[in-house]
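Enquirer: Pasting in a structure now, in structure tokens, and then I'll have a few things to ask.
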Amino acid sequence: MSTSNTLAIVLLTLCVALAERSTLDDYIDTCMDGVSHKSKPGKEDELFQQCAPWKNRSCCTTAVTKDMHVSPTWYNMDWSHCPTPLSEPCRKHFMQDLCFYECSPNVGPWLVPHNISIRNERFVGVPLCRTECDAWFNACKDDYTCLQDWSKGWDWSTGSNKCPADSTCQTFQEVFKTAEKMCQTVWGGSFEVVDDKEPCMLLWFDGENNPNDEIALKAAEALLTVGSAPTLHTVWTTLMACATLRLVILHDLR
């Protein structure tokens, strides 16, 4: 079977599965189905260091956030996979991204099935504010990596991710060229970069209120506005899922 046919089948499966979410709570009062995620978002007394913004409504626990910061790898994933270790500014941004992945209660509208050992879902096409992406790239542009897409292609023979034999370590600037390309490909299409004037997610925020709550609510309402008939809703959510997944398909076909 050709790559394009396989991708088409996978896409159809994911789109239809996503249509199972049918109420507002299904989208905004939910956590990703992952091994370290809570089943429902809730308050934590505190969260460790960079995960602190999510403590009032979080999909992660205090213990998980501490382990994330203290462990040299998470899910055996080593960000410093090239001979030159990741710089502290760059590592800080990847940790912020990891906190978003583990703790954010706002990714419901972008969740799709993804059955692997560490999770049964993933988010695809979450709108990321351009300034967030630019700051991430600027912190990492002189650091080194050997792959554009960190979600696949590694040599796992040692139990941890290693650069494949046919790869070469280059700077982020050389590998990704632009901030937008980095943010949209480094995790296989998890994010879609949008201008700050559009509804978009932040990876860090101050204060008691999470500004991403409003973005997720608007996205969830948009998924549910076209009628209430199950067949119409199924069509609508399927189309939205297909549109959201276009980054992954286009990336894999290049």
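Enquirer: With respect to the numbered conditions (1) surrounded by fewer than 19 Cβ atoms within 10 Å (Cβ to Cβ); (2) over 30 Å from residue 29 (Cβ atoms), which one is the sole condition not fulfilled by residue 86?
Expert: (1)
To keep it simple, each residue is scored yes or no on (1) touching a helix residue (DSSP H, G or I) at 6+ places or on another chain (Cβ under 7 Å); (2) hydroxyl-bearing (Ser, Thr, Tyr); (3) over 22 Å from residue 167 (Cβ atoms).
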{"site": "57", "(1), (2), (3)": "no, no, yes"}
{"site": "64", "(1), (2), (3)": "yes, no, yes"}
{"site": "69", "(1), (2), (3)": "yes, no, yes"}
{"site": "80", "(1), (2), (3)": "no, yes, no"}
{"site": "108", "(1), (2), (3)": "yes, no, yes"}
{"site": "123", "(1), (2), (3)": "yes, no, yes"}
{"site": "128", "(1), (2), (3)": "yes, no, yes"}
{"site": "131", "(1), (2), (3)": "no, yes, yes"}
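Enquirer: Given segment 116-198, what helices (runs of 4 or more DSSP H) lie entirely inside it while holding 3 or more residues that are modelled with pLDDT of 95 or more and under 30 Å from residue 214 (Cα atoms)?
Expert: It comes to 130-140, 179-185.
Enquirer: Another question about this same structure. Answer yes or no as to whether residue 122 is out of contact with any Pro (no Cβ under 6 Å at 6 or more places or on another chain) and either surrounded by fewer than 19 Cβ atoms within 10 Å (Cβ to Cβ) or under 15 Å from residue 205 (Cβ atoms) (or both).
Expert: no
Enquirer: Another question, then. Quick one: in segment 20-49, of everything that is under 19 Å from residue 113 (Cα atoms) and not in a loop (DSSP other than H, G, I, E, B), which residue is nearest to the chain's Cα centre (by Cα)?
Expert: Result: 34.
Enquirer: Taking segment 50-107, which residues are among the hydrophobic types (A, V, I, L, M, F, W, C) and assigned to a loop (DSSP other than H, G, I, E, B)?
Expert: Within segment 50-107, 59, 60, 79, 82, 86, 107 qualify.
The values are calculated or read from the model by the stated rules, or taken from the named source; none is laboratory data. This structure is a prediction, so every number in the text was calculated from the model and none was measured. Note that each Cβ is placed from the backbone with ideal geometry, even for glycine, and that neighbours are counted across all protein chains shown.
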